[in-house]
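What follows is one structure encoded as structure tokens, with my remarks underneath.
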Amino acid sequence: MARLKLIIADTDGTYVESMAEYIMLNHSQEFQVNSFTDKHCLIEYLSGEGNHADVLLIESSLYSDEIPKENISNVILLTAEKSDGNTGDYYTICKYQKGDKIVSDIFNIFAQKGDGNAVSVAGDKKTKLIAVYSPIGGSGKTTVATSCAIQCAQRRMKVFYLNLEDFQSTPMFCDCKGEHTFSDVLYYLKDKNSNLQLRIEGSKLYDAEYNLYYFSPPESLLDLQECKPEELRTLLDEFRNMGQYDLVFVDMSSSFDDKNIAILEACDEILLVLPQDAVSDIKISLFAKEMSILKERRGIDFIDKINMVLNKYNTYMALEVDTAEVCGKSIEYYIPAVPGMAAIKGNNRLMDLQGDFTESIEEIIEKYYT
């Protein structure tokens, strides 16, 4: 699909320049951008033969009947204040917000209008999907998943953190305030004719400090629970096919049901996180048994994808889990116990951790950026 021809028109030259520069730098695969600060120049351009615009993003006070409509497919008005997104015959976008939010709003408008097939969000990255899973509650799996995702993002990789837990702790690490949630994406998963990639890009949030993309948790855990295994597989396939991200870290629940089996199958790698306690030794044996049964009954085998991670490791507390095996796989990475980790809230405190913890996370992610 061809790039969208986008025209940005506003009397504020600084705003137009910064917005056009942002889109050309970050979304050149989706948009071809022209910009205007003079109304007469805009009218002259649109009156010219062959000068078509897929989207005219224009300051509301600048738009009038003088502007030729026949060469414009979609008009979106830029407003100084937030509105309900629709004013009369036209959609509106608040101009004073982050560039990524404005682009997301454009994508969402196309999705709402049913013009999704006209928009391409395909990139050229070879996306790798990494499942972070533990059959044991309280293993510190989410801390491992977010730490790996953030540290990869800090190395200028484009990373998406995808939380598929029932009860999600994403707000503990990221700002989840926004108009759209993961529920919007889950709804479109059930519509086979929709442009799911467009809805993903329109619903995502972005943490500028850590260069990390993610979704706000669903409005209800039922939205995720009602998803079928094949729908979750479709979601992961779409992330891969989009080619927009280097890495997608999938933070999973602890169940070993059909949905999680589908996720583990769809991902390229699996970080299997275990805590160092007596329960782990029992549960990892049960997990290994279920893996063998799954292979025997369904022919499903993802053991080669697994990298075992022992979390909260204490060298002075020797347990059998220290040498645990799953179908011949042994522990590859050791993450030390960090005193006070349970009291840590937010990325600022989490990413301020230094020493052995940070070094152990770097050992895990080293292969992704070298």
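Consider M291 against the criteria (1) closer than 20 Å to Q168 by Cβ; (2) surrounded by 17 or more Cβ atoms within 10 Å (Cβ to Cβ): it satisfies all of them except one. Which criterion is unmet?
(1)
Which condition does Y213 not pass, out of (1) more than 22 Å from E30 (Cα to Cα); (2) of a type in the set (S, T, Y); (3) modelled with pLDDT of 90 or more, if it passes all the others?
It is condition (1) that Y213 fails.
Can you tell which of D268, D257, D237 is more than 19 Å from the chain's Cα centre (by Cα) and either modelled with pLDDT under 95 or surrounded by fewer than 19 Cβ atoms within 10 Å (Cβ to Cβ) (or both)?
Values: D268 fails: more than 19 Å from the chain's Cα centre (by Cα); D237 fails: more than 19 Å from the chain's Cα centre (by Cα).
On inspection, the qualifying residue turns out to be D257.
How many residues are surrounded by 21 or more Cβ atoms within 10 Å (Cβ to Cβ) and either of a type in the set (A, V, I, L, M, F, W, C) or not assigned by TED's automatic domain parsing to the domain that holds I270 (or both) when one looks only at segment 206-223?
Residues in segment 206-223 being surrounded by 21 or more Cβ atoms within 10 Å (Cβ to Cβ) and either of a type in the set (A, V, I, L, M, F, W, C) or not assigned by TED's automatic domain parsing to the domain that holds I270 (or both): 2 in total.
Restricting to segment 122-138, name every residue that is assigned to a loop (DSSP other than H, G, I, E, B) and at pLDDT 90 or above.
If we filter segment 122-138 for residues that are assigned to a loop (DSSP other than H, G, I, E, B), which is where we start, we get 122-127, 134-138.
K125, K126, T127, S134, P135, I136 - these are the residues of segment 122-138 that are assigned to a loop (DSSP other than H, G, I, E, B) and at pLDDT 90 or above.
Tell me which helices (runs of 4 or more DSSP H) are completely within segment 155-211 and hold 2 or more residues being in contact with a Lys or Arg (Cβ under 7 Å, 6 or more places away or on another chain), or say none if there are none.
Values: elements: 170-173, 182-189, 196-203.
In segment 155-211, 182-189 are the helices (runs of 4 or more DSSP H) which contain 2 or more residues that are in contact with a Lys or Arg (Cβ under 7 Å, 6 or more places away or on another chain).
Mind telling me which of the residues V159, V119 ends up being touching a Phe, Trp or Tyr at 6+ places or on another chain (Cβ under 9 Å), at pLDDT below 85, within 26 Å of L25 (Cα to Cα) and not small (G, A, S)? Full working, then the answer.
Working: V159 fails: at pLDDT below 85.
Only one candidate qualifies: V119.
Restricting to segment 1-25, what's the tally of residues that are surrounded by 14 or more Cβ atoms within 10 Å (Cβ to Cβ), touching a residue at least 40 places away in the same chain (Cβ under 8 Å) and either more than 15 Å from K95 (Cα to Cα) or not acidic (D, E) (or both)?
11
Please work out if L25 is in contact with an Asp or Glu (Cβ under 9 Å, 6 or more places away or on another chain) and not acidic (D, E).
Values: in contact with an Asp or Glu (Cβ under 9 Å, 6 or more places away or on another chain): no; not acidic (D, E): yes.
It is false that L25 is in contact with an Asp or Glu (Cβ under 9 Å, 6 or more places away or on another chain) and not acidic (D, E).
Out of T37, T79, which single residue is in contact with a Gly (Cβ under 9 Å, 6 or more places away or on another chain) and surrounded by 15 or more Cβ atoms within 10 Å (Cβ to Cβ)?
Details: T79 fails: in contact with a Gly (Cβ under 9 Å, 6 or more places away or on another chain).
Unique residue meeting the criteria: T37.
Hey, does segment 229-244 have a residue that's within 17 Å of S169 (Cβ to Cβ), among the aliphatic types (A, V, I, L, M) and assigned to a helix (DSSP H, G or I)?
Of all residues in segment 229-244, those within 17 Å of S169 (Cβ to Cβ) come to none.
No, segment 229-244 contains no residue that is within 17 Å of S169 (Cβ to Cβ), among the aliphatic types (A, V, I, L, M) and assigned to a helix (DSSP H, G or I).
The values are calculated or read from the model by the stated rules, or taken from the named source; none is laboratory data. Note that the structure is a prediction, hence the values are computed from the model and not measured. For neighbour counting, all protein chains shown are included, and Cβ atoms are generated from backbone atoms with ideal geometry for every residue, glycine included.
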